[in-house]
Amino acid sequence: MNPADYEAWYATPRGCWIGETEYALAARLLAAQSGDSLLDVGCGTGWFTRRAAAAGLRTTGLDPNSAWLDYARAHSKPELNWVEGDARDLPFADASFDHVLSIAALCFIDDERRAVTECVRVARRRFAIGWLNRDSLLYRQKGRHGGSGAYRGARWHGADEVRALFAGLPVRKLKLRSAIFLPSANAWARGLEQAVPSVLPWGGLLLATGEKA
């Protein structure tokens, strides 16, 4: 998939609803204040990076793909920062950002544990890292047999596997929450999303949040 097609998906009613729902969950749990700094790891075309910037955060997007970063720069305001880099070796000092965000990006790289360690290292206050959830309807639709479309090659995890990625790291108040229980984005899906508590671990996005210890 090329960056223009990927970004166009977020402009569709389904893509916009999924993106806004995922961002709303992460934003609520990060509880960032206007002016806080945020690093978006695996930012791709920068959809979530720009969304955080629109909420008043000082955002930096990081991705290993230079072509996707070029797209992000060309479609963003100049005050946003874009860095080419590897999530497993972040080019930043310890505690460089108030918050670290990553939405369904680490599941596409090898050595997720190392990437999680790096995300925690550069966070000063809080982090929100999302994975594709193997215990979800989305997995049954898009994740089996190697995945399809934009999900091809992704690793899907259950809650215990996600918790294990944080074992021994300097974090506290680790929570797992989920969103996108029905990925169709129709009226039933939107209603269910409002009614079902995010503590239930069956949404397509499994989000781990916590504080830097």
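For the modelled label position 7 Å from the Cα of residue 33 along Cα-to-Cβ, which residues of the range 78-113 have backbone nitrogen atoms closer than 15 Å?
98-99
Can you list which of the GluC sites (Glu not before Pro) found in the range 60-159 are DSSP loop residues with at most 15 other C-beta atoms within 10 Å?
Hits after loop and neighbour filter: 79.
Could you list 131, 188, 68 in order of exposure, starting from the residue whose Cβ has the fewest other Cβ atoms within 10 Å?
Final ranking by Cβ density, sparse to dense: 188, 68, 131.
Cα atoms only, the chain: Rg and Dmax in Å?
In Å, with Rg to one decimal and Dmax whole: 15.9, 45.
Give me the percent relative contact order of the range 131-213, please, defined on Cα pairs under 8 angstrom at least 6 residues apart.
Value for the range 131-213: 40 percent.
Can you work out the FRET efficiency for the pair residue 5 and residue 195, with r the C-beta to C-beta distance and R0 = 35 Å, to the nearest 0.05?
E between residue 5 and residue 195, to the nearest 0.05, is 0.60.
Going by how many other Cβ atoms sit within 10 Å of their own, how do 40, 160 line up, fewest first?
160, 40
Build a GNM of the chain with springs between Cα atoms under 10 Å: which of 150, 105, 26 gets the top mean-square fluctuation?
Looking only at 150, 105, 26, the biggest GNM fluctuation is shown by 150.
Cα centroid distance between the range 171-203 and the range 123-139, in Å?
About 11 Å separates the Cα centre of the range 171-203 from the one of the range 123-139.
Calculated FRET efficiency, residue 54 and residue 160, Cβ-Cβ r, R0 41 Å, to nearest 0.05?
After rounding to 0.05, the efficiency reads 0.70.
Quote the FRET efficiency, to the nearest 0.05, computed for residue 202 versus residue 94 with a Förster distance R0 of 30 Å and r equal to the Cβ-Cβ distance.
0.25
Relative contact order, percent, of the range 128-179 when contacts are C-alpha pairs under 8 Å separated by at least 6 residues?
Here the relative contact order equals 32 percent.
Find how much the distance from residue 172 to residue 74 grows on full extension, using 0.36 nm per residue of separation minus their present alpha carbon separation; answer in nm with one decimal.
Numbers: separation 98, 0.36 × 98 = 35.28 nm, distance 3.79 nm.
Taking 0.36 nm per residue and subtracting the Cα distance, the gain is 31.5 nm.
Rank these for me by crowding, 39, 182, going from fewest to most other beta carbons within 10 Å.
Arranged by neighbour count, lowest to highest, 39, 182 become 182, 39.
For the range 3-212, what relative contact order do you get, as a whole percent, if you take Cα pairs closer than 8 Å and at least 6 residues apart?
Here the relative contact order equals 20 percent.
Every read-out reported here was derived from the displayed coordinates using simple, explicitly stated rules and does not represent laboratory data. This one's a predicted model, so the numbers in the text were calculated from it and none came from an experiment. Neighbour counts run over all protein chains shown; Cβ positions are idealised from the backbone, glycine included.
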